[in-house]
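Any read-out appearing in this document is the output of simple, stated calculations on the displayed coordinates, not a laboratory observation. Here the structure is a predicted model, which means the values were calculated and not measured. A quick note on method: Cβ atoms are made from the backbone with ideal geometry, for glycine too, and the neighbour counts reach across all protein chains shown.
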Amino acid sequence: MSLPPSFFDAMYAAAEDPWSMRTRWYERRKYSLTTAVLPQERYGDGLEVGCSVGELTARLAGRCDRLTGWDASAAAVARATARVAGAGQVRIEQAAVPHRPLPQVDLLVLSEVLYYLDAADLQRFLAQVPAAVRPGGTVVAVHWRHPVPEYPQTGDAVHEALRAALPWPRVATHEEPDLLLDCWVAADDPRAASVAAAEHLW
């Protein structure tokens, strides 16, 4: 079964930053990789699903005119809200997928979140994505590859499902022993996803 909000509430009750997102080099490097693959310099509306304490949110804020972070845990929402205080274009909301329908966005960020869903809930979520991402928009996903006994799925299984479900060109893939990162652009023509083409370099 998908992990319930109570699982995350217990994690945040036990530690201010349960996954050490603010202090680990692994996490900071991963955030740099995630933002580096985004093909557009700036986006209109962005959504980060599973924003936790807001470390990646703070980096994404500079790339979006409007950014929303969702998390299932009220404690995470409070900590992320504090982290991005002063960024008027950012709002943090308590929400869990697939139960909260996705809004229309130009950027959808799925960082270390989808393996908390069981196979049925993951498919329900993925069915929403094509209609939620505007033409020319971006989906970026990054997940830990090592198995965690409590998680319903592995990162590899999640990315296999993403690759099967999303109908657009995959414009970037980064694979390491520890993580998988994929990026898609919502376009039929792969040339429309080319940063070089957008800047008339070819």
Checklist entry - When the residues of region 32-87 are filtered to those that are over 15 Å from the mean Cα position of the chain (by Cα) and acidic (Asp, Glu), which remaining residue is farthest from Ala198 (Cα to Cα)? => result Asp65
Item to check | Single residue of Arg79, Arg124, Arg91, Arg28 found to be outside any loop (DSSP other than H, G, I, E, B) and crowded, with 16+ Cβ neighbours inside 10 Å | outcome: Arg79
Next on the checklist: Of the conditions (1) closer than 19 Å to Arg170 by Cα; (2) in contact with a helix residue (DSSP H, G or I) (Cβ under 8 Å, 6 or more places away or on another chain), Arg134 satisfies every one except a single condition; which number is it?
Outcome noted: (2)
Checklist entry - Among (1) assigned to a loop (DSSP other than H, G, I, E, B); (2) surrounded by fewer than 22 Cβ atoms within 10 Å (Cβ to Cβ); (3) within 17 Å of the chain's Cα centre (by Cα), which single condition is Pro147 missing? => result (3)
Checklist entry - Which one is farthest from the chain's Cα centre (by Cα), of the residues in region 5-17 that are in contact (Cβ under 8 Å) with a residue 12 or more places away in the chain and outside any helix (DSSP H, G or I)? => result Glu16
Checklist entry - Would you pick out the residues in region 157-169 that are without any contact (Cβ under 8 Å) to a residue 40 or more places away in the chain and either surrounded by fewer than 15 Cβ atoms within 10 Å (Cβ to Cβ) or in contact with a Cys (Cβ under 7 Å, 6 or more places away or on another chain) (or both)? => result Glu160, Arg163, Ala164, Pro167
